[in-house]
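Encoded as structure tokens, the structure appears first; notes follow it.
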Amino acid sequence: MDLESLTAIDVHTHAEVSSRGHSSLDDDLHDASAAYFRTEGKRKPTIEETAAHYRERNMAAVIFTVDAESATGTAPVPNEEVAEAAAANADVLIPFASVDPFRGKAGIRQARRLVEEYGVRGFKFHPSIQGFFPNDRAVAYGLYEVIEETGTIALFHTGQTGIGAGVPGGGGIRLKYSNPLHVDDVAADFPHLKIILAHPSFPWQDEALAVATHKPGVHIDLSGWSPKYFPPQLVQYANTLLKDKVLFGSDFPVLTPDRWLADFEKLPIKDEVRPKILKENAARLLGLTTS
């Protein structure tokens, strides 16, 4: 990866479909999310198509699936496939994995193998879809031990989710699991764990800002929302106390980097902070640079 040539690093993109056409979500949830986000372009691009999308823009992207099979009954896009496709497109793709916390000891072994044999750089958790509280010691702490030990990153969905929005009963998805204060316990119990709180954390934005300012290992990505809807306090903290801990993320394919960046350009972000958010903070966190 030629870091100098990259204009940005998107830390939040999804592998929505496998090479065999298998989708990680039911079609009704996919369709509803496309309507919710007013998605532009293809809703379920292949990993190769995602790589091409970012290569055309001189950007890199973190990519992952979501393993929520215990809660949904639907198998994820295989982590191994995501990692192998990222390796084949290593100029633009950075592989994360996702392990259902309810897989227990088998999931812990899987996580270690994905780091050691497939080079994944982090793990995505979606508490609302996976149906667990991040601070549930019996369910998730074994996974965090592996992530902390291997120096990889734990990325947690926080706040409301567009998945299930508009579906009767929200598709059975419960928002309570994604309050960022649950992740505060994780950050306290694993002080060397690198953590990303994904998304503006509606309705818990102040909680997310409090956790990120209090816990050194906690960062915030800005994915899943058009920047024109960012609450004022998020913009204020991104410009000041959290200028080294806020990261560009789009949530591709539901939001394109083009749409996100066009709206971000209009935000009152300081000139010296913009490159930090768009690339420098992510490069440092991902270990692509030491500065």
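The values are calculated or read from the model by the stated rules, or taken from the named source; none is laboratory data. As the structure is a computational prediction, the values presented were derived from the model and not from experiment. All Cβ positions, glycine included, derive from the backbone under ideal geometry; neighbour counts span all protein chains shown. In case anyone asks, the SASA skips ligands and DNA or RNA and just uses the protein heavy atoms, side chains included. Shrake-Rupley method; radii C 1.70, N 1.55, O 1.52, S 1.80 Å.
Side notes on the structure shown:
- Flag for residue 132 being in contact with a helix residue (DSSP H, G or I) (Cβ under 6 Å, 6 or more places away or on another chain) and closer than 20 Å to residue 192 by Cα: no
- Matching entry among 164, 170 (being open to solvent by less than 30 Å² (accessible area, probe 1.4 Å) and part of a loop (DSSP other than H, G, I, E, B)): 164
- Among the residues of the stretch 270-283, those that are open to solvent by 10 Å² or more (accessible area, probe 1.4 Å) and free of Cβ contacts under 8 Å to residues at least 40 places away in the same chain comprise 270, 271, 272, 274, 275, 276, 280.
- Output for the stretch 173-186, where each listed residue is assigned to a helix (DSSP H, G or I), open to solvent by 10 Å² or more (accessible area, probe 1.4 Å) and within 13 Å of residue 128 (Cα to Cα): 175, 176, 177, 182
- Looking across the stretch 81-117, the residues that are within 18 Å of residue 13 (Cβ to Cβ) and of a type outside the set (A, V, I, L, M) come down to 81, 84, 89, 91, 95, 96, 98.
- Single unsatisfied condition, residue 155 versus (1) at pLDDT 95 or above; (2) under 20 Å from residue 102 (Cβ atoms); (3) touching a helix residue (DSSP H, G or I) at 6+ places or on another chain (Cβ under 9 Å): (3)
- Evaluation of residue 189 against the conditions (1) more than 19 Å from the chain's Cα centre (by Cα); (2) surrounded by 17 or more Cβ atoms within 10 Å (Cβ to Cβ); (3) not β-branched (Val, Ile, Thr) shows that the sole unmet condition is (2).
- Contact annotation: residue pairs with Cβ atoms under 6 Å, 6 or more positions apart or on different chains, pairing a residue in the stretch 233-260 that is in contact (Cβ under 8 Å) with a residue 60 or more places away in the chain with a partner that is aliphatic (A, V, I, L, M), are 247/11; 247/282; 248/8; 248/277; 248/278; 249/11; 249/222.
- Tabulated pairs, the stretch 173-188, first without any contact (Cβ under 8 Å) to a residue 60 or more places away in the chain, second aromatic (Phe, Trp, Tyr) and open to solvent by less than 30 Å² (accessible area, probe 1.4 Å), C-beta under 7 angstrom, 6+ apart or interchain: 177/132; 183/156; 186/144
- Of all residues in the stretch 197-208, those that are charged (D, E, K, R) have Cβ atoms under 6 Å from Cβ atoms of residues that are not in a helix (DSSP H, G or I), 6 or more apart or on another chain, in 207/180.
- Within the stretch 144-161, restricting attention to residues that are part of a helix (DSSP H, G or I) and open to solvent by less than 30 Å² (accessible area, probe 1.4 Å), the residue that is nearest to residue 187 (Cα to Cα) is 144.
- Those residues of the stretch 99-143 which are surrounded by fewer than 21 Cβ atoms within 10 Å (Cβ to Cβ) and not in a helix (DSSP H, G or I), in sequence order: 119, 131, 133, 135, 136
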